[in-house]
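Peer 1: I'd like to ask some things about the structure below.
The values are calculated or read from the model by the stated rules, or taken from the named source; none is laboratory data. Being a predicted model, the structure only gives us computed values, none of them experimental. When we count neighbours, we look across all protein chains shown, and the Cβ atoms used for this are built from the backbone with ideal geometry, even at glycine.
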Amino acid sequence: MESMQCPLCLAQVQTESKPSVGLRRHMCPTCGSFEVEDFDDFDESGALSNLGYPRYLLSHYVRDWNERHGKAYAHADRDNGALPSKLRTLSVTEKLQRTLMWIADKTSTFYDPAKLNRRRDWPVAQARDVAEFDRFIQYWVDEEALKYLSDDDVIVTGKGWRLVDEVRPGGTKGGRQAFVAIPAACAEDYERAIRPAVTNAGWIPYRVENDVVEDKICDQIVAEIRRSDLLIAECTGGRHNVFYEAGFAAGLGIPVIWLAKSNSEEPDLPFDTRQYQHLLWSDHADLRTQLRQHIQARYPDVKE
Ligand SMILES: [Zn+2]
């Protein structure tokens, strides 16, 4: 463990070298945790040179990734380098919405204050710096969607909650969520095909982490299905929880996309869901393409 400058936000952070995989993990309270190659192209300020875009976009990207996945960012495709080469700039409206959502996610009722930590959390809405994040917050105070109780405590007002509901009907954090019901044994199918397909179609995938006991439907799963606008069910392997979760979503009126691995015309479906159309896939590249195209065709309004 050594202290180094965060190559993204330039704060002094703890890092840990992982020589076996050629990566260094940075634990930045602002940007989140991330693993990147040990770069030698730092400029004199310690930041990554040759980025091609402002560093705050990367701070936002990595922090957002941490928030969504609840774990350190590590680039999935090593061949393309350790950091994304193209990043999307959010519109001003999106940045403001993200600010409100972020604060709403930190509280559960309209009188329960959310604790602000601007210095730590400024990248969550893709602000350029602390001052800009503060201006986003001030906008919502002026709009009477937020109210200060003290310098660092705000509450979301009744009007604020109405705005939150308008922006995210399913209650998703910062975007539309697709719940992925998949057997734990198919983790590789998720990482290599389903997650990139869903992300590239402009959705946020949610998968129950491995530490939740399989075949046990807990409150967290039910809550996450409720806040999703789409459920993707991988039938391969025939786990009961996949069918339970898909059935629960269907009962709530949430659309279900059925997937099944098949190398023949007649897939071996363990449970009779044959009256529904299944996306039959042969390998990861095939699944990635089919699933992305299917989601985009169904939801053309969701942008990458
Ligand atoms: Zn940082």
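Peer 1: Is it true that TRP203 is surrounded by 21 or more Cβ atoms within 10 Å (Cβ to Cβ), within 25 Å of LEU87 (Cβ to Cβ) and at pLDDT below 90?
Peer 2: yes
Peer 1: Also, quick follow-up: Restricting the first residue to the range 1-16 and requiring it to be closer than 17 Å to PRO54 by Cα, which pairs with a second residue that is within 8 Å of the ligand (Cβ to nearest atom) and aliphatic (A, V, I, L, M) meet a Cβ separation below 6 Å and a spacing of at least six or different chains?
Peer 2: CYS6/VAL13
Peer 1: Something else: Enumerate the pairs (first residue in the range 119-130 and not assigned by TED's automatic domain parsing to the domain that holds ARG68; second residue anywhere and polar (S, T, N, Q)) with beta-carbon separation below 6 Å, excluding pairs fewer than 6 apart on the same chain, so at least 6 apart or on different chains.
Peer 2: So the pair list comes out as ARG120/THR30; PRO123/SER59; ALA125/THR99.
Peer 1: Write out, first by first residue and then by second, each pair whose Cβ atoms fall under 8 Å of each other, whose residues are 6+ apart or on separate chains, and whose first residue, in the range 238-255, is within 14 Å of VAL208 (Cβ to Cβ) while the second is surrounded by fewer than 14 Cβ atoms within 10 Å (Cβ to Cβ) and of a type in the set (A, V, I, L, M).
Peer 2: Cβ pairs passing all conditions: PHE248/VAL222.
Peer 1: What is the residue count in the range 131-154 for residues that are in contact (Cβ under 8 Å) with a residue 40 or more places away in the chain and part of a helix (DSSP H, G or I)?
Peer 2: 3
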